[in-house]
Each structure stands twice: as C-alpha cells, then as structure tokens.
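Data first, discussion second: the structure below is written as structure tokens.
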Amino acid sequence: MPDPLVVRVLADYRRQLQDTESAQFRDMAARWSAVQDRLTVQIDSLAAEIDALRQAGETVTRGRLLRMDRYQALLAQVDAETTRFDRLTTGQIVSAQSDAIGLGLEAAAAAIDAGYQQAGRVAVDWNRLPRRAVQTMAGLASDGSPLAALIAQSYPLTVQALTDTLVQAVGLGWNPKKTAAAMRQAADLPLNRALRIARTEQLRAYREATREQYAESGVVTAYRRLAAKSLRTCPACLFADGKIYQLDEPLDEHVSGRCQLIPIIDGVSERRWQTGREWFATLPAEQQSAMLGPGVYEKWKRERFDLDRLITVREDATWGNSLQVTPLSAL
C-alpha cells in the first residue's frame, strides 16, 4: 500500500529535522571530546595513585578516596568543565528548539494542504499561527521548567557516577588502565545526557508547534499518531500508530520519540496507510521476536492477545506522559 501524500510530506520534514539534529550532535560531541582530553590527565593520575597505594599494601576505603586531594581536584575540574559545556549546550538546544518550532509550523501547514490536495479539493482559507505565538516554548523543558535547570543536573549525577565507578574499581581490584577507562566512560554522562535532552526537547517543540497549528487552523478536528516503520521503532509507538487524539491532548511520547501528527481535516476523507500493526505482521518471526523480546514474543505467540496490551502509558515528572512497552511481568 503506497503511503498517502500527507505521510510522505511529513516524512520529508522528519528527515529535515534529523539532518539538523545530526549536525548539532556532531558539534556537541566534538566540543565534549576536548573536555574529555582535559579530564583524562586527572583521571589517569588518580587511577595510578590509587594503584600505588594498593601496591604499597595500604587499604583504600571509600572515605579515603573521597578525601584524596587528586580526587577533589578531579571533581573541581569536572565542575568547571561541565558548567562551561552545559552553558554552551543550553544555548545551542534553545536555538535548535526555536528552529524546530518553525519547522513544526511549516510541517503542519504542508500536512493540511496535502490533505486537501490528495482529496482533490481546493484548500479553504484556514488560520495560520504566527511563529511568535508558540516561540515561548523555546528554552523550556517538558515539565515547564527552564531547560538550563534540567541540564544543570548533569554535574551532581556525574559526581555520583564517577564516585560509584571508583569505589567499584577499588573493591574489585581493577588495574589502573581498566579503572581509568571506566571512569572516562562515567565522565561522559554530561554529553550523553545533553544529547538525550536535546533530541527529546527539540522533537517535543516540533510536535507541539504542529499540534498548536492544527488547533488554530479551524479546519483540523483531531489528529492521528504516525509512527515510523522501522526495526528500531518502539513497539508501543508502533502498535499505537493511527490512534486518534483530540487537539487539546499533547502526544504521549517517550524520551527521544519521533512519532508525528497526521491531521484529521473537517470534510476531507482520511487516507489509509499501512499501520504499525500491519507492518509488524509482515516481519519474519525472528525480527518480531527481536523487537518484542523473546519472553514477550513467546507469550504473544502462545496466547495471541491483542497487541494493545503491550502499550502502557507511564507518568514521569521530567518527561511527562509517555508510551512504554508493557513488561513481561505485567502481562
């Protein structure tokens, strides 16, 4: 079944968003690489000092670790580096959110026009939302707090990760090379967290701008969820593909989710597309099992329950309502 025009149009906008995101992520990763190089000197020195103490027969307790001058120097450097990185990253994400808002408004307009075009109808006049009306979303996180406050949590989380890793390394008697490698991985938390926040909040800004334009248009009555058909797609999103939402309902999307909004236009017949369930049914058994996980897949094959049971809505104080795959224990 060929995709209707509106699905193809929104796919083009998704690719534009992904291209912009990829360029942004390369820039963030390059910036963090320089930070990591500077932290490596302190990390390697700390790992070597701990090993020297152990080789001398001394017991290195958690308390002693936390009191070591080199450990405190590492934390001071982590604080300075993450503060600088977070400040630059916040500005970059806010700017990208603003661009995503503009793209979301364009996508909504193109989707409405595509709906009329495919139906062979001349588009009626509809209300276009000015960008400034939704620009206030830029700089805010999902819970409505300033984005900077969410990103600033990286430092305490990094300190905890570094400390836990160091205590584990000493307890298990790791050599300096292994200890330093594990600590460098733990120290990457600000980058990994920034990438996740950037992707999630920019996609949310894009979706919300799209939804607000639909609501303002005067011709859109509701919208449907549109999930990507990919082996990497979350099964909960895949099986919710096509679900109808009212215009005052934000899309319940998980972290880094990429689902889009298909407008239901007053007086325009909807066009069908291959739903996530239909697409899933075409996959070979090994791919279905890989997506669901062996335990869930075997239970589904055995009982043939409705795939709706795999969709769970979770509430999160930071990210809001999101779809999650129902765990095997809850089935």
Item to check | Odd one out for VAL255 among (1) over 18 Å from ALA111 (Cα atoms); (2) open to solvent by 40 Å² or more (accessible area, probe 1.4 Å); (3) without any contact (Cβ under 8 Å) to a residue 60 or more places away in the chain | outcome: (3)
Checklist entry - So SER269 clears everything in (1) touching a residue at least 12 places away in the same chain (Cβ under 8 Å); (2) open to solvent by less than 80 Å² (accessible area, probe 1.4 Å); (3) among the polar types (S, T, N, Q) except one condition, right? Which one? => result (2)
Next on the checklist: Which numbered condition in (1) at pLDDT 95 or above; (2) surrounded by 16 or more Cβ atoms within 10 Å (Cβ to Cβ) is the only one that ILE244 fails?
Outcome noted: (2)
Checklist entry - Mind checking which residues of the stretch 21-63 are in a helix (DSSP H, G or I), over 30 Å from ILE197 (Cβ atoms) and in contact (Cβ under 8 Å) with a residue 12 or more places away in the chain? => result SER45, ALA48, GLU49, ILE50, ASP51, ARG54, ARG62
Checklist entry - Of everything in the stretch 146-198 that's part of a helix (DSSP H, G or I) and in contact with a Gly (Cβ under 9 Å, 6 or more places away or on another chain), which residue is farthest from ALA34 (Cα to Cα)? => result LEU147
Next on the checklist: For ARG302, only one of the following conditions fails: (1) within 25 Å of the chain's Cα centre (by Cα); (2) assigned to a helix (DSSP H, G or I). What is its number?
Outcome noted: (1)
Next on the checklist: Please go through the stretch 179-197 and give me each residue that is more than 17 Å from LEU162 (Cβ to Cβ) and surrounded by fewer than 24 Cβ atoms within 10 Å (Cβ to Cβ), ordered by number.
Outcome noted: LEU195, ARG196
Checklist outcome for this item: Selection from the stretch 252-283 of residues farther than 16 Å from VAL7 by Cβ and among the aliphatic types (A, V, I, L, M) yields VAL255, ALA281, LEU283
Next on the checklist: Just to verify a result, which residue in the stretch 41-87, among those that are among the acidic types (Asp, Glu) and within 30 Å of ALA149 (Cα to Cα), is most open to solvent (accessible area, probe 1.4 Å)?
Outcome noted: ASP69
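Please go through the stretch 64-80 and give me each residue that is without any contact (Cβ under 8 Å) to a residue 24 or more places away in the chain and not aliphatic (A, V, I, L, M), ordered by number. Explain how you work it out, then say what you get.
Pass one, the stretch 64-80, residues without any contact (Cβ under 8 Å) to a residue 24 or more places away in the chain: 64, 67-69, 72, 76, 80.
Answer for the stretch 64-80, where residues must be without any contact (Cβ under 8 Å) to a residue 24 or more places away in the chain and not aliphatic (A, V, I, L, M): ARG64, ARG67, ASP69, GLN72.
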Checklist entry - Looking at this structure, is THR200 open to solvent by less than 20 Å² (accessible area, probe 1.4 Å) and either charged (D, E, K, R) or under 27 Å from GLU81 (Cβ atoms) (or both)? => result yes
Checklist entry - If you take the residues of the stretch 203-230 that are of a type in the set (Phe, Trp, Tyr) and assigned to a helix (DSSP H, G or I), which of them is surrounded by the fewest Cβ atoms within 10 Å (Cβ to Cβ)? => result TYR214
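The values are calculated or read from the model by the stated rules, or taken from the named source; none is laboratory data. Computed from a predicted structure; not experimentally measured. Positions of Cβ are backbone-derived with ideal geometry, glycine not excepted, and every protein chain shown enters the neighbour counts. These area figures cover heavy atoms from the full protein model, side chains too; ligands, DNA and RNA do not enter into them. Shrake-Rupley method; radii C 1.70, N 1.55, O 1.52, S 1.80 Å.
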